[in-house]
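The values are calculated or read from the model by the stated rules, or taken from the named source; none is laboratory data. What you see is a predicted model, and the numbers here were worked out from it, not measured in a lab. Note that each Cβ is placed from the backbone with ideal geometry, even for glycine, and that neighbours are counted across all protein chains shown.
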Amino acid sequence: MRTQILPPDASSLSLAAELIQQGGLVAFPTETVYGLGADALNPEAVRSIFAAKGRPADNPLIVHIFRREQLDSICDLPDAAVPLMDAFWPGPLTLLFPKKAAVPDVVTAGLPTVAVRMPSHPVAQAFLAACGLPVAAPSANRSGRPSPTTAAHVLEDLSGNVPLILDGGSCEVGLESTVLDLCHGEPCILRPGGVTKEMLEDVLKKPVSLAGSILRPLREDETALSPGMRYKHYAPKADVTLVDGPEENVLPLLRSLYTRDTDAGKKSCILCFSEHAEALSVCRVLSLGSKSEPSQIAHRLFDTLRQLDEEQMESVYSEVIPPEGIGLAVMNRLGRAAAFRMIHA
Ligand code: AMP
Ligand code: MG
């Protein structure tokens, strides 16, 4: 199969809709990351998403809609969801709802809940409207690779496995959506993302809890509330280690860890804030972006992680940001890239 990348104009959108309606796959941009979409109500089509990505069958997908009426046929609607949809849809918030029978089990990996999101990206909206049906779409990467934030990333991972990639440029948020569970008692964030804990609490007027394994590895005896959290995601081939502590200790430690590894013949680099690039300039550094702009760090993170593999890095030492606001989502992804290895300086 040849993979075409097309700009999102009227003719490529109608080709995309035709492919989806015939049970095919299309990769499309959203404000979070690129998605790999198929007709959510066609089990064969959904199975081909898992095959194209090499995704384990027990990792459920998010269903994408462009207007709320589409919820009627796929799920029940808990009252608590309404103010959240009013505040954050369209946008990077995925909500879990009790699923209806029309949603095939392959979408939800057999779970009784279905994850639903209404993306705000204009190309995603135009694509979903042209399809006229709910579209199941995980991130458009090979399973285990960082999620794609450009059409070129999708091509790198899925060339020959998807007929069409709609090119909408680079994704604004750059990290996957926040996944919020309202179906099992108190609201709980299963995966942090663009809509922060603080933003959710402001609307719900009550505390929102965090799934245990957001900033640490899942324990052997623990079930993943969000099945995707069980998998080794976002992992570059290099050994990544996070270094935290006061700046005056962190910078010298980064330098000495880097020197130790390069002296031992390893290809190494440091992920640092742009403010520290100068002070670390004797080392090979990749900038995470400015320490004062965590949303910029989020926007570039997956591209930076892909660059580590491109440059065949073997060891990487990274600065950390406070796990607040969008910083929580950054530290979740960076933590998982590092298998949560952390040194305190
Ligand atoms: P992706 O779009 O590739 O980031 O994958 C979607 C993520 O949403 C998965 O990794 C799941 O962990 C999560 N998810 C989807 N459906 C459910 C569900 N019914 N319950 C809990 N988590 C879900
Ligand atoms: Mg994914």
(request) Output the residues belonging to the range 81-105 that are of a type outside the set (Lys, Arg), out of contact with any Pro (no Cβ under 7 Å at 6 or more places or on another chain) and part of a loop (DSSP other than H, G, I, E, B). (result) 89, 91, 92, 101, 102, 103
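Among the residues that make up the range 52-66, is at least one of them over 24 Å from residue 302 (Cβ atoms), modelled with pLDDT of 95 or more and touching a Pro at 6+ places or on another chain (Cβ under 9 Å)?
We begin by selecting, within the range 52-66, every residue over 24 Å from residue 302 (Cβ atoms); these are 57, 65-66.
From the residues that got through so far, the ones that are modelled with pLDDT of 95 or more too are 65-66.
Now restrict to residues that are touching a Pro at 6+ places or on another chain (Cβ under 9 Å): 65-66.
Among the residues of the range 52-66, at least one is over 24 Å from residue 302 (Cβ atoms), modelled with pLDDT of 95 or more and touching a Pro at 6+ places or on another chain (Cβ under 9 Å), which makes the answer yes.
Of the residues 123, 114, 107, which single one is more than 16 Å from ligand 2 (Cβ to nearest atom) and within 21 Å of residue 162 (Cβ to Cβ)?
On the way: 114 fails: within 21 Å of residue 162 (Cβ to Cβ); 107 fails: more than 16 Å from ligand 2 (Cβ to nearest atom).
One residue alone meets the criteria, 123.
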(request) Kindly indicate the residue of the range 104-116 that is crowded, with 24+ Cβ neighbours inside 10 Å and farther than 21 Å from residue 336 by Cβ and also nearest to the chain's Cα centre (by Cα) among those meeting that condition. (result) 116
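Kindly establish whether residue 172 is within 30 Å of residue 238 (Cβ to Cβ), within 14 Å of ligand 2 (Cβ to nearest atom), within 16 Å of the chain's Cα centre (by Cα) and at pLDDT 95 or above.
Numbers: within 30 Å of residue 238 (Cβ to Cβ): yes; within 14 Å of ligand 2 (Cβ to nearest atom): no; within 16 Å of the chain's Cα centre (by Cα): yes; at pLDDT 95 or above: yes.
Spelling it out, it is not the case that residue 172 is within 30 Å of residue 238 (Cβ to Cβ), within 14 Å of ligand 2 (Cβ to nearest atom), within 16 Å of the chain's Cα centre (by Cα) and at pLDDT 95 or above.
Can you tell me how many residues in the range 140-150 are crowded, with 24+ Cβ neighbours inside 10 Å and away from ligand 2 (no atom under 11 Å from the Cβ)? Steps first, answer last, please.
Of the range 140-150, the ones crowded, with 24+ Cβ neighbours inside 10 Å are 140-141, 146-149.
When the remaining residues are screened for being away from ligand 2 (no atom under 11 Å from the Cβ), the result is 149.
Qualifying residue count, the range 140-150: 1.
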(request) Name, by its number, the condition in (1) more than 16 Å from ligand 1 (Cβ to nearest atom); (2) under 22 Å from residue 145 (Cβ atoms) that does not hold for residue 259. (result) (2)
(request) Residue by residue through the range 28-59, note down the ones that are more than 11 Å from ligand 2 (Cβ to nearest atom) and closer than 18 Å to residue 175 by Cα. (result) 28, 29, 30, 31, 37
(message) Could you check the range 106-146 and list, in sequence order, the residues that are within 9 Å of ligand 1 (Cβ to nearest atom) and assigned to a helix (DSSP H, G or I)?
(response) 107, 108
(request) Scan the range 129-144 and report the pairs whose first residue is modelled with pLDDT of 95 or more and whose second residue is in a loop (DSSP other than H, G, I, E, B) and within 9 Å of ligand 1 (Cβ to nearest atom), with Cβ atoms within less than 7 Å and a gap of 6+ or a chain change. (result) 136/61; 137/61; 138/55; 138/61; 139/33; 139/147; 139/176; 141/147
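May I ask you to list the residues in the range 126-139 that are within 16 Å of ligand 2 (Cβ to nearest atom) and within 14 Å of residue 65 (Cβ to Cβ)? Step through it out loud before you land on a result.
First, the residues of the range 126-139 that are within 16 Å of ligand 2 (Cβ to nearest atom): 135-139.
Within the range 126-139, 135, 136, 137 qualify.
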